[in-house]
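*Asks:* Below you will find the structure I want to go over with you.
The values are calculated or read from the model by the stated rules, or taken from the named source; none is laboratory data. Only a predicted model underlies this, so the values are computations on that prediction, with no experimental measurement involved. When we count neighbours, we look across all protein chains shown, and the Cβ atoms used for this are built from the backbone with ideal geometry, even at glycine. Quick note on the areas: whole protein, heavy atoms, side chains included, nothing else; ligands and nucleic acids left out. Shrake-Rupley method; radii C 1.70, N 1.55, O 1.52, S 1.80 Å.
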Amino acid sequence: MLEVLHIENIAVIEEADIQFRPGFNALTGETGAGKSIVIDAMGAVLGGRTSRELIRTGADRAFVSASFSGVSPELPALLENGVSPEEDGTLLLQREIGADGKNVCRANGRPITVAQLRRIGGELLNIHGQHDGAQLLDEEQHGAYLDRFGRTETALGAYQTEYRSLENLRSKIRSLQMDEAEKARRVDSLRFQIDELERAELAPGEEEELNARRSLLRNGENYLSALNGADYALNGGDDEAGGAVSRLQDAEEALSSIHALNDDLGELYKRLENARCEVYDLAEIIRDRRAEFDFSPAELDAVESRADQLYRLKKKYGATVEECLEYLDKCRAELDAIETADDTLARLEQKLAKAEKSTLAAGAALTKVRKEAAKALESRIQTELRELDMGKVRFSIDFGEREPSPDGCDVIRFLMSANAGEDLRPIAKIASGGELARIMLALKNVLAEQEAVGTLVFDEVDTGVSGRAAQKVAEKLAQVSRRKQVLCVTHLPQLAAMADTHFSVEKGERKGRTYTEVVQLDRERRKAELARITGGAKVTEALLESAGELLDGAEAYRRGL
């Protein structure tokens, strides 16, 4: 359960520590005092969306932490993200929101992403907002509610596997199906491209070799001049002037008569001999390069023409010669596929017929599981509604058929009849705001029974509820709080009185700045707060006495649970 919520610089809350207790916790306060900010802070530390506007004016960052107790180390989200609670089951979630938009999140000191924080937080606490009732009006959500209740993951997963195979086959068939005119145009285009690329006789690595040869040919005169100069320096010329090779040989012969006198002279002679051999080899290589080079303007024209051809092909088919060759292979494969499309289509259509049968069979199995779950959900919701003073309301789940879709072959709608003798109709057409709130509360309660989440937060889910119905909602939340921790933001005295722990969210002003604090109330202050909720600004002795009676009645009801 949630033990402590610590808030810093969130909107009008400069700093607050809220120590929640087991059971039913209620938060009340004037409109605009900051109750919703407490819920926003909870959402932030659970990985919800935030913005820089949430940061208190003048602060450069906001910070929220939530300490949970009794956390199981076997929670899937913890195992997936490598997070472990302390030995006593304590888990601390933290989130820092910077003015620059950056977020720093941690779980028990371990850095995690916002997405990981959201995954972990979703298994610890659920927030049910005042607008959740509107989801009941969206019939697209009804199937998701039923699947959550019925734990249909296995049947739904099996169906979705078959459906994906079906859609994959349909996609392949669509890609092969085209009218004859379109097919003829595409075949002509492919054949032209294939012919152009094949006639070019491209070769991998050709472009690099071509560019190197072009560079050499463009500088042919300089190339030959440099080689001739190097050859003359090494080998000499026709004027019998000796080159470097000849001079090194003369030096070697000069030392030949004394190199045996001592080791130093022998080493010197050996180095001179090696130098002469190396220079001789270089001279021969340079002479061969000069003899091999055939500078021809005609060859340069041919190389330039080939380079231009490659440039034009690359503009059409790929950035490199290798990419052009890959495109050629794709064209050949596509042309072959088109020319053999009739045979391929026949095979795919046979597979499609089998896939449709398999998908429908998996869809029927999913429908069967859903209908069984629907009976149980109808019964549970009906029981919950009776406990919420809606005994005459009938609730039913209607099934219709549709073509296979990603989530099944069923059209699922929640129907209700608000009055005896009235036909069942879609909830969106007949439910009032108060009825929607209670139906959503019933649904959330039923779903929560099957989930491991230990804390449920209700943010003004009592909107549109009053009188006897409000009392029934309060009793239902008290019942739920005996199984899970309940936190409830409310404006109703019946709900606030039923709480085991009551907090007041109070707004004030200090040194020209608005601030909000959260205070846990004792019995006397609870009476004053309940009187304020009931009577407004003017709190009379009669209202205080009535508030005391309300607290006594709530306490008696809780003792009987």
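*Asks:* Condition test on residue 32, is it closer than 20 Å to residue 486 by Cβ and either among the hydroxyl-bearing types (Ser, Thr, Tyr) or touching a residue at least 24 places away in the same chain (Cβ under 8 Å) (or both)?
*Replies:* The answer is no for residue 32.
Let's see how each residue does on (1) within 17 Å of residue 117 (Cα to Cα); (2) out of contact with any Asp or Glu (no Cβ under 6 Å at 6 or more places or on another chain); (3) not hydrophobic (A, V, I, L, M, F, W, C):
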site	(1), (2), (3)
47	yes, yes, yes
55	no, yes, no
59	no, yes, no
62	yes, yes, no
72	yes, yes, yes
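*Asks:* Continuing with the same structure: Do you know which of the residues in segment 47-60 that are among the charged types (D, E, K, R) and open to solvent by 80 Å² or more (accessible area, probe 1.4 Å) is farthest from the chain's Cα centre (by Cα)?
*Replies:* The first filter runs over segment 47-60 and keeps only residues among the charged types (D, E, K, R), leaving 49, 52-53, 56, 60.
Filter once more, keeping what is open to solvent by 80 Å² or more (accessible area, probe 1.4 Å): 49, 52-53, 60.
Details: 49: 13, 52: 21, 53: 23, 60: 28 Å.
Only one residue tops the list, namely 60.
*Asks:* Restricting to helices (runs of 4 or more DSSP H) lying wholly in segment 489-561: which have 3 or more residues that are small (Gly, Ala, Ser)?
*Replies:* 523-535, 541-559
*Asks:* Check off (1) under 26 Å from residue 510 (Cβ atoms); (2) buried (at least 16 other Cβ atoms within 10 Å of the Cβ); (3) of a type in the set (Ser, Thr, Tyr) for residue 67 and give me the number that stays unchecked.
*Replies:* Of the numbered conditions (1) under 26 Å from residue 510 (Cβ atoms); (2) buried (at least 16 other Cβ atoms within 10 Å of the Cβ); (3) of a type in the set (Ser, Thr, Tyr), the odd one out for residue 67 is (1).
*Asks:* On to the next question. If you go through segment 165-200 one residue at a time, how many are over 23 Å from residue 329 (Cβ atoms), at pLDDT below 90 and open to solvent by less than 30 Å² (accessible area, probe 1.4 Å)?
*Replies:* 1
*Asks:* Take residue 311 and decide whether it is hydroxyl-bearing (Ser, Thr, Tyr), part of a helix (DSSP H, G or I) and open to solvent by less than 80 Å² (accessible area, probe 1.4 Å).
*Replies:* no
*Asks:* Name the one entry in 44, 77 that is crowded, with 19+ Cβ neighbours inside 10 Å and over 23 Å from residue 481 (Cβ atoms). Walk me through it before giving the result.
*Replies:* Working: 77 fails: crowded, with 19+ Cβ neighbours inside 10 Å.
From the options 44, 77, the qualifying one is 44.
*Asks:* Does residue 17 satisfy being open to solvent by 20 Å² or more (accessible area, probe 1.4 Å) and in contact with a His (Cβ under 6 Å, 6 or more places away or on another chain)?
*Replies:* So residue 17 fits the description; yes.
*Asks:* Report yes if residue 394 is touching a residue at least 60 places away in the same chain (Cβ under 8 Å) and basic (Lys, Arg), otherwise no.
*Replies:* no
*Asks:* To continue, here is another question. Only one of these is touching a helix residue (DSSP H, G or I) at 6+ places or on another chain (Cβ under 6 Å) and either farther than 30 Å from residue 457 by Cα or β-branched (Val, Ile, Thr) (or both): 436, 348, 360, 385. Name it.
*Replies:* 348
*Asks:* Here's something else I'd like to know. Of the residues 349, 304, 299, only one is in contact (Cβ under 8 Å) with a residue 40 or more places away in the chain, surrounded by 11 or more Cβ atoms within 10 Å (Cβ to Cβ), closer than 26 Å to residue 166 by Cα and not aliphatic (A, V, I, L, M); which?
*Replies:* 349
*Asks:* How many of the residues making up segment 201-214 are part of a helix (DSSP H, G or I) and surrounded by 14 or more Cβ atoms within 10 Å (Cβ to Cβ)? Can you show your working first?
*Replies:* So in segment 201-214, the residues part of a helix (DSSP H, G or I) come out as 206-214.
Narrowing further to those that are surrounded by 14 or more Cβ atoms within 10 Å (Cβ to Cβ): 206-207, 210, 213-214.
Residues in segment 201-214 being part of a helix (DSSP H, G or I) and surrounded by 14 or more Cβ atoms within 10 Å (Cβ to Cβ): 5 in total.
*Asks:* Return the total of residues in segment 518-561 being open to solvent by 80 Å² or more (accessible area, probe 1.4 Å) and among the basic types (Lys, Arg).
*Replies:* 4
*Asks:* Quick one: in segment 314-328, of everything that is among the hydroxyl-bearing types (Ser, Thr, Tyr) and in a helix (DSSP H, G or I), which residue is farthest from the chain's Cα centre (by Cα)?
*Replies:* Among those that are among the hydroxyl-bearing types (Ser, Thr, Tyr) and in a helix (DSSP H, G or I), it is 317.
*Asks:* In segment 391-417, which residues are outside any strand (DSSP E or B), open to solvent by 20 Å² or more (accessible area, probe 1.4 Å) and modelled with pLDDT under 90?
*Replies:* If the condition is that a residue be outside any strand (DSSP E or B), open to solvent by 20 Å² or more (accessible area, probe 1.4 Å) and modelled with pLDDT under 90, then 391, 392 are the ones that fit.
*Asks:* What pairs come up if the first residue lies in segment 51-70 and is of a type in the set (Asp, Glu), the second is exposed (fewer than 13 other Cβ atoms within 10 Å of the Cβ), and their beta carbons are under 6 Å apart, counting only those six or more places apart or on different chains?
*Replies:* So the pair list comes out as 60/99.
*Asks:* If I ask for residues that are assigned to a helix (DSSP H, G or I), open to solvent by less than 10 Å² (accessible area, probe 1.4 Å) and of a type outside the set (Gly, Ala, Ser), which ones from segment 442-473 would you list?
*Replies:* Hits for segment 442-473 are 443, 445, 446, 447, 473.
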